[in-house]
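These notes are about the structure you will find just below.
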Amino acid sequence: MPGGKIRVLVVDDSLFFRGMLVRGLTSVSDIEVVGEAFDPYDARDSLLTLEPDVMTLDIEMPNMNGVEFLKILLPQWKIPVVVISSRGDLSDAVKRAGAADFFQKPDPKNPDSVKNFLAELPKRIRFAVSKTLQRPQSAKPSGSIIALGASTGGTQATARILKELPANLPGIVIVQHMPPDFTRMYAQSLDRDCAVTVAEAREGDVVERGKALIAPGGETHMEIQKRGEKIYIHLTRGEKVNGHCPSVDTLFHSVARNVPGSAAVGVLLTGMGVDGAKGLLAMRKTGSYTLGQDEKSSVVYGMPREAFEIGAVARQAPLESIAALVVKYAQGLR
C-alpha cells in the first residue's frame, strides 16, 4: 500500500448495501475495492487470497456475526476493520473486539444520509489504516499448529506437501492410515528429503516449529493436548473410529478443542470413506483455516468429498497448490 491505493475488502450479506459501498469507494482516487464477501467464512478466504489493507464489516450476517468474527480474526490477522452497521448499540462491543472504528449505516431512503455517509467513509478508512501503521504490532498467538489427515493415496500426497514446506512453519501433526511399523519407516524416509524434521510421534512429544509428527499406525489414536503455551502429543488405545485407528477425526477434534481456531490449519487429503470430515468441520467452526484436496488430484475422493459436502472445507484445491496455501496462511502464525 505505501505510495499506492488503499486496498479494501467489503463484507456485508446485503447485495444492495455491498453494491452501494463498492460504487462509493470505487469513485475515490486513493482507494481500490479488491473484493466483496457475503459472510465471515467468505471474508476469511478473501483475506487470504486478496491481502487487503483494510476491511469493512457488517455485524448481522449468516453463519457467524461480526463480533464473533472479529474475536476470531484479529488475534491472527493484523488488519484494520471498520464495522458498518445499523446496530449502533453494538459500537462498544465491536471496539472491544478490536475493530478500528464503528460507523452507523445510513438510511437508504434518505439521499442526504447516503451522500454524507459515502463522503465520510473514505476518511474513516484512511484513519483506520493510519492508526494501524502507527501502532506497534503485538505478538501473534502462540501454540499454533498444522493438522493433516490422509488415507488411500495419501502417502504420496503427504510426501509431496511436506517436501514443499519450509522449516519455519508451526508444528505439523499427521494421521496417515497405515499398518503398524510402516509409519516409522515412512517418517524416516521423509525426514531425509524434507526441510522439516519428520518423525513417528511418541507419547509426550512436543509439537514444535519445523517438525512434523506422524501418528503410529495400528493400535493407538493420536490427539494433541495444550498445557500452558506448549502442545503435546497424547496417544490413546481405543476402538476404531470410522473404521480406523489412528483416526483423522480423533486428531482434528482434539485440535478444535485445544487450539484457538485462528492459530490452526486443517488439511484433508485423498482417502476412502469419511474419516476426518466431521473433525475438519469442528476445526472450521472454531475459526481454523481448512483445506480439502480436489477430486481431480485425489486418488480416492471419499474423505475430502465428505468434508466438502458438509461444509468443512474453506477452500478446495489441487494437490499441487496445497503446500503454497498452507505456507501463505501459516506464515502469520507464531
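Here, each number is a calculation from the coordinates, and none is a lab measurement. Computed from a prediction, not measured in an experiment: that's the story for all the values here. Cβ: placed from backbone, ideal geometry, glycine included. Neighbour counts: every protein chain shown.
How far is helix 111-134 tilted off the main Cα axis of the chain, in degrees rounded to 10, range 0 to 90? Between the helix axis and the principal axis of the chain, the angle is about 50 degrees.
Over 21 Å between C-alpha atoms is what I'm after, so list which of 226/285; 71/285; 95/131; 211/296; 71/131 land there. Cα-Cα > 21 Å for 211/296; rest within. By DSSP, the beta bridges lying fully in the range 210-312 are antiparallel in about 65 percent of cases.
The modelled label-to-label distance between residue 192 and residue 29, using points 7 Å beyond Cα along the C-beta direction, is 6.3 nm. If both residues of a DSSP beta bridge must be in the chain, then about 20% of such bridges are antiparallel. Separation of the range 288-306 from the range 1-54 is 29 Å, based on Cα centroids.
Largest first and in whole Å, the equivalent-ellipsoid semi-axes of the range 1-118 read 20, 19, 13, each the square root of five times a Cα gyration tensor eigenvalue. In the chain, helical runs assigned H by DSSP with n ≥ 4 each contribute -39500 (n - 2.57); averaged across all residues and rounded to the nearest 500, the mean residue ellipticity at 222 nm is -11000 deg cm²/dmol.
Taking amide hydrogens as placed 1.01 Å from N in the peptide plane, the amide H of residue 217 sits under 5 Å from those of 181, 183, 184, each at least 5 positions away in sequence or on another chain.
What do the square roots of 5 times the Cα gyration tensor eigenvalues come to for the chain, in whole Å, largest first, as semi-axes of the equivalent ellipsoid? Mind dumping the intermediate values first?
Values: eigenvalues 337, 71, 61 Å².
Taking √(5λ) for each eigenvalue gives 41, 19, 17 Å, largest first.
The convex hull around the C-alpha trace of the range 38-85, projected and averaged over every direction, spans 3.0 square nanometres.
Around the amide H of residue 198, modelled in the peptide plane, lie the amide H atoms of 191, 212, all under 5 Å away and 5 or more residues distant in sequence or on another chain. Alpha-carbon geometry of the range 145-330: the Rg and the Dmax are 14.2, 42 Å, given in that order. Distances between placed amide hydrogens fall under 5 Å for residue 289 paired with 264, 266, all partners being 5 or more residues away or on another chain.
Using equal-weight Cα scatterers in the Debye expression, the normalised intensity of the range 99-249 in log10 at q = 0.13, 0.17, 0.18, 0.20 Å⁻¹ is -0.65, -0.90, -1.00, -1.20.
Note that the range 82-98 has calculated 3J(HN,Hα) couplings of 9, 7, 10, 8, 7, 7, x, 5, 9, 4, 5, 5, 6, 6, 5, 6, x Hz, one per residue in order, obtained from phi through the Karplus relation 6.51 cos²θ - 1.76 cosθ + 1.60 (θ = phi - 60°); glycine and proline are x.
With a simple spin-label model that places each label point 7 Å from the Cα along the Cα-to-Cβ direction, the separation between residue 239 and residue 160 comes to 3.7 nm. Between residue 127 and residue 64, the simple spin-label model (points 7 angstrom out along Cα→Cβ) gives 2.8 nm.
Relative to the longest principal axis of the Cα atoms of the chain, the long axis of helix 182-193 makes an angle of roughly 60 degrees. So for the range 6-134, averaging the separation of alpha carbon pairs under 8 Å that are six or more residues apart and normalising by length, what relative contact order in percent results? Normalised by residue count, the contact order of the range 6-134 is 22 percent.
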